[in-house]
Amino acid sequence: MATRVRAAALEIAITGVQGARAARDGGADRVELCSALELGGLTPSLGLVDAVAAVGIDLHVLVRPRPGGFVFTATEVEVMVRDLEHLVDAGVAGVVIGALTPDRGIDRHAVKSLVRAAEGREVTFHRALDVVADARRALAELADLGVRRVLTSGGATRAVDGLDVLAALTQTAAGRIEVMAGGSVDPEHIPLLLEAGVDAVHLSARVHRDDAGAAGPGGGAAVYSIADPEMIAHAAAALT
């Protein structure tokens, strides 16, 4: 029987061990681990990194010290560098970073420091790219700085609404840097994203669950979200 070749890689955004197992069992190529996904994602704890690493799937970890924008102070960059040093020691396959200047350009000094701290691990520049003033110019800068891929919605709220920009970015990338589409992606969007020529697709594939233990003063939200293995499998099938 002929081997089915995947048209693009599948990355799943996860927040815990359950998500890593769902991604592995559903046929994803890798995961991006973060905490506080509802805030756009923050750096996860080292204990969580160790637990997810034991699942046995290509692990990339988000390094983002706080919610909000992507213009960081020197102290915040130093915190990210220290986080990266710990992640390298933990043996992760890749890291996900991003830093901008106040005028919506790439913070070359910060990115250079972060790439250096990654010590050869694959580096993805996250959706801070969707904020930059000139995304095509940014691609060339990031490739020169040693970034392996970018995560982008094409500047739209949903990647499926940024297809023209995604197609233009893949042409600009010209094999120098990978373009990964992400932003409210559903498996049904994947054929359109593939037509745009992207190298990978990123989605969270999450469903909500009631949390009976959240009631009462001091409790959290009444629902929480988990990765859905069926949605992940559906996405994987759409990529072959």
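Kindly indicate which of Gly91, Gly105 is modelled with pLDDT of 95 or more and touching a helix residue (DSSP H, G or I) at 6+ places or on another chain (Cβ under 7 Å). Answer to the selection: Gly91. In segment 1-50, which residues are within 27 Å of Leu129 (Cβ to Cβ), open to solvent by 10 Å² or more (accessible area, probe 1.4 Å), assigned to a loop (DSSP other than H, G, I, E, B) and hydrophobic (A, V, I, L, M, F, W, C)? If the condition is that a residue be within 27 Å of Leu129 (Cβ to Cβ), open to solvent by 10 Å² or more (accessible area, probe 1.4 Å), assigned to a loop (DSSP other than H, G, I, E, B) and hydrophobic (A, V, I, L, M, F, W, C), then Ala7, Ala28, Ala36 are the ones that fit. When you go through Arg137, Arg104 one by one, which is the residue that is of a type in the set (Lys, Arg) and at positive phi? Only one candidate passes the filter, namely Arg104. Annotation for segment 122-135: no member residue is touching a helix residue (DSSP H, G or I) at 6+ places or on another chain (Cβ under 6 Å), surrounded by fewer than 17 Cβ atoms within 10 Å (Cβ to Cβ) and farther than 23 Å from Ala36 by Cβ. Look at segment 218-240: where a residue is under 16 Å from Ser204 (Cα atoms) and a partner is acidic (Asp, Glu) and modelled with pLDDT of 95 or more, sitting 6+ places away or on another chain with Cβ atoms under 7 Å, you get Pro229/Asp25.
Within segment 217-240, the residues that satisfy the criterion of being modelled with pLDDT of 80 or more and either of a type in the set (Val, Ile, Thr) or assigned to a helix (DSSP H, G or I) (or both) are Ile226, Pro229, Glu230, Met231, Ile232, Ala233, His234, Ala235, Ala236, Ala237, Ala238, Thr240.
Within segment 101-114, being open to solvent by less than 30 Å² (accessible area, probe 1.4 Å) and not in a loop (DSSP other than H, G, I, E, B) holds for Ile106, Ala110, Val111, Ser113, Leu114.
Among residues that are within 20 Å of Ala118 (Cα to Cα), open to solvent by 10 Å² or more (accessible area, probe 1.4 Å), in contact with a helix residue (DSSP H, G or I) (Cβ under 7 Å, 6 or more places away or on another chain) and among the aliphatic types (A, V, I, L, M), Leu163 is not included.
Please state which one of Arg66, Arg24, Arg82, Arg4 is at pLDDT below 95, over 20 Å from Val179 (Cα atoms) and of a type in the set (Lys, Arg).
Arg4
Total residues in segment 62-72 satisfying the condition of being open to solvent by 40 Å² or more (accessible area, probe 1.4 Å) and either farther than 19 Å from Phe125 by Cβ or in contact with an Asp or Glu (Cβ under 6 Å, 6 or more places away or on another chain) (or both): the figure is 1. When you check Glu178 against the structure, is it modelled with pLDDT of 95 or more, loosely packed, with under 12 Cβ neighbours inside 10 Å, on the phi < 0 side of the Ramachandran plot and not polar (S, T, N, Q), yes or no? Here the answer is no, as Glu178 does not meet what is asked. Cβ-Cβ contacts under 9 Å between residues 6 or more apart (or on different chains), taken from a first residue in segment 87-115 that is under 15 Å from Phe125 (Cα atoms) to a second residue that is open to solvent by 30 Å² or more (accessible area, probe 1.4 Å) and aromatic (Phe, Trp, Tyr), are listed as Gly98/Phe70; Ala99/Phe70; Leu100/Phe70; Asp107/Phe70.
Once segment 136-153 is narrowed to residues that are open to solvent by 10 Å² or more (accessible area, probe 1.4 Å) and in a helix (DSSP H, G or I), the residue that is nearest to Ala168 (Cα to Cα) is Arg136.
The values are calculated or read from the model by the stated rules, or taken from the named source; none is laboratory data. Everything numeric in this text was worked out from a predicted model, so none of it was measured. Every residue, glycine among them, receives a Cβ derived from its backbone with ideal geometry; neighbour counts consider all protein chains shown. With ligands, DNA and RNA removed, areas are computed over all heavy atoms of the protein, side chains included. Shrake-Rupley method; radii C 1.70, N 1.55, O 1.52, S 1.80 Å.
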